[in-house]
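K.L.:
This is the structure I want to talk about, given as structure tokens.
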Amino acid sequence: MQSKLVLDPTQSEDLAIEVARVFVAKGLTLATAESCTGGAIGAALTALPGSSAWFNGGIISYSNDAKINLLGVEAEAIKAHGAVSKEVVEAMAIGGCQAMAASVCVAVSGIAGPDGGTTEKPVGSVWIAWSQGGLVVTSQLHHFQGSRKNIQSDAVCMALKGLISQ
């Protein structure tokens with residue numbers, strides 16, 4: 001899926017406010033399991049006053065060892081599919097729900113660049129998965145464009161949009 005978002009400094013804030021509204025209205029709790037976004041989703045959410053009522057916390061699992069040890073991702077899944085894969089990001093989302101005792105978890109793993117891309121997984125490839133009740137609801141592959149900062153910002157916005165639409 002090609003994703004082109006207009007970078008707007010207030011976009012993630014507006015989306016986070018809508019996530020809060022939805023989660024409070026539904027009585028759900030949220031966790032994040034982040035790799036390439038480095039905690040930016042959690043930062044956008046916790047910038048809101050009162051977020052402790054619905055945001056349980058997040059895990060920044062940048063290394064493969066962190067994905068394995070903190071989120072319960074199987075080492076074989078990483079070996080077989082790579083850290084930036086549907087299988088791994090879905091396992092991260094499920095593990096995030098369990099580790100943070102949350103109703104919902106969003107997980108992100110990708111290649112933000114400027115290096116690290118391959119022909120099969122170019123820079124800008126980002127998998128996002130949403131889990132509810134310990135089951136994967138959906139996962140999507142996005143191909144974002146631009147600088148590392150743009151790719152990370154677009155991934156944050158897409159993760160938040162997915163939380164609103166779940």
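K.L.:
Assuming residue 107 fulfils every condition listed in (1) without any contact (Cβ under 8 Å) to a residue 40 or more places away in the chain; (2) closer than 23 Å to residue 147 by Cα; (3) among the aliphatic types (A, V, I, L, M); (4) crowded, with 17+ Cβ neighbours inside 10 Å apart from one, which condition is it?
P.N.:
Only one criterion in (1) without any contact (Cβ under 8 Å) to a residue 40 or more places away in the chain; (2) closer than 23 Å to residue 147 by Cα; (3) among the aliphatic types (A, V, I, L, M); (4) crowded, with 17+ Cβ neighbours inside 10 Å is unmet by residue 107, namely (1).
K.L.:
Among the residues of the stretch 30-54, how many are outside any helix (DSSP H, G or I) and surrounded by fewer than 18 Cβ atoms within 10 Å (Cβ to Cβ)? Working first, answer last.
P.N.:
Going through the stretch 30-54, the residues outside any helix (DSSP H, G or I) turn out to be 30-39, 47-50, 54.
Then keep just the ones that are surrounded by fewer than 18 Cβ atoms within 10 Å (Cβ to Cβ); that gives 38-39, 47-50.
Final tally of qualifying residues: 6.
K.L.:
Being within 17 Å of residue 126 (Cα to Cα) and crowded, with 24+ Cβ neighbours inside 10 Å is the filter here; which residues of the stretch 55-82 pass it?
P.N.:
61, 67
K.L.:
For the list (1) farther than 18 Å from residue 88 by Cα; (2) part of a helix (DSSP H, G or I); (3) small (Gly, Ala, Ser), I need the number of the one condition that residue 146 fails.
P.N.:
Checking residue 146 against (1) farther than 18 Å from residue 88 by Cα; (2) part of a helix (DSSP H, G or I); (3) small (Gly, Ala, Ser), the one that fails is (2).
K.L.:
Filtering the stretch 81-115 down to residues that are of a type in the set (D, E, K, R) and either assigned to a helix (DSSP H, G or I) or touching a Lys or Arg at 6+ places or on another chain (Cβ under 8 Å) (or both), which residue is farthest from residue 71 (Cα to Cα)?
P.N.:
Filtering the stretch 81-115 down to residues of a type in the set (D, E, K, R) leaves 86-87, 90, 115.
So of that shortlist, the ones also either assigned to a helix (DSSP H, G or I) or touching a Lys or Arg at 6+ places or on another chain (Cβ under 8 Å) (or both) come out as 86-87, 90.
Details: 86: 15, 87: 13, 90: 11 Å.
Going through the qualifying residues, I end up with 86.
K.L.:
When the stretch 116-142 is examined, which residues are found to be in contact (Cβ under 8 Å) with a residue 60 or more places away in the chain and in contact with a Pro (Cβ under 7 Å, 6 or more places away or on another chain)?
P.N.:
The answer is none; no residue qualifies.
K.L.:
Those residues that are in a helix (DSSP H, G or I) and touching a residue at least 12 places away in the same chain (Cβ under 8 Å), I need them from the stretch 68-80; list them, please. Step through it out loud before you land on a result.
P.N.:
So in the stretch 68-80, the residues in a helix (DSSP H, G or I) come out as 68-71, 75-80.
Residues satisfying the conditions are 70, 71, 77, 78.
K.L.:
Let me ask something else. Can you pull out the residues in the stretch 117-136 that are surrounded by 15 or more Cβ atoms within 10 Å (Cβ to Cβ) and either assigned to a loop (DSSP other than H, G, I, E, B) or of a type outside the set (Phe, Trp, Tyr) (or both)?
P.N.:
Restricting attention to the stretch 117-136, the residues satisfying the condition of being surrounded by 15 or more Cβ atoms within 10 Å (Cβ to Cβ) are 117, 121, 123-132, 136.
117, 121, 123, 124, 125, 126, 128, 129, 131, 132, 136, listed by residue number.
K.L.:
When only residues in the stretch 145-166 that are within 14 Å of the chain's Cα centre (by Cα) and over 17 Å from residue 19 (Cα atoms) count, which is surrounded by the fewest Cβ atoms within 10 Å (Cβ to Cβ)? Steps first, answer last, please.
P.N.:
We begin by selecting, within the stretch 145-166, every residue within 14 Å of the chain's Cα centre (by Cα); these are 151-164, 166.
From the residues that got through so far, the ones that are over 17 Å from residue 19 (Cα atoms) too are 151-152.
Working: 151: 25, 152: 23.
Only one residue tops the list, namely 152.
K.L.:
Also: How many residues are closer than 20 Å to residue 69 by Cα and aliphatic (A, V, I, L, M) when one looks only at the stretch 25-40?
P.N.:
Filtering the stretch 25-40 down to residues closer than 20 Å to residue 69 by Cα leaves 31-39.
Next, from what is left, pick out any that are aliphatic (A, V, I, L, M): 31, 33.
Here the count works out to 2.
Each reported figure results from applying straightforward, stated rules to the coordinates on display, with no laboratory input. Quantities reported herein were computed from a predicted structural model and do not represent experimental measurements. Backbone-built Cβ (ideal geometry, glycine too); neighbour counts: all protein chains shown.
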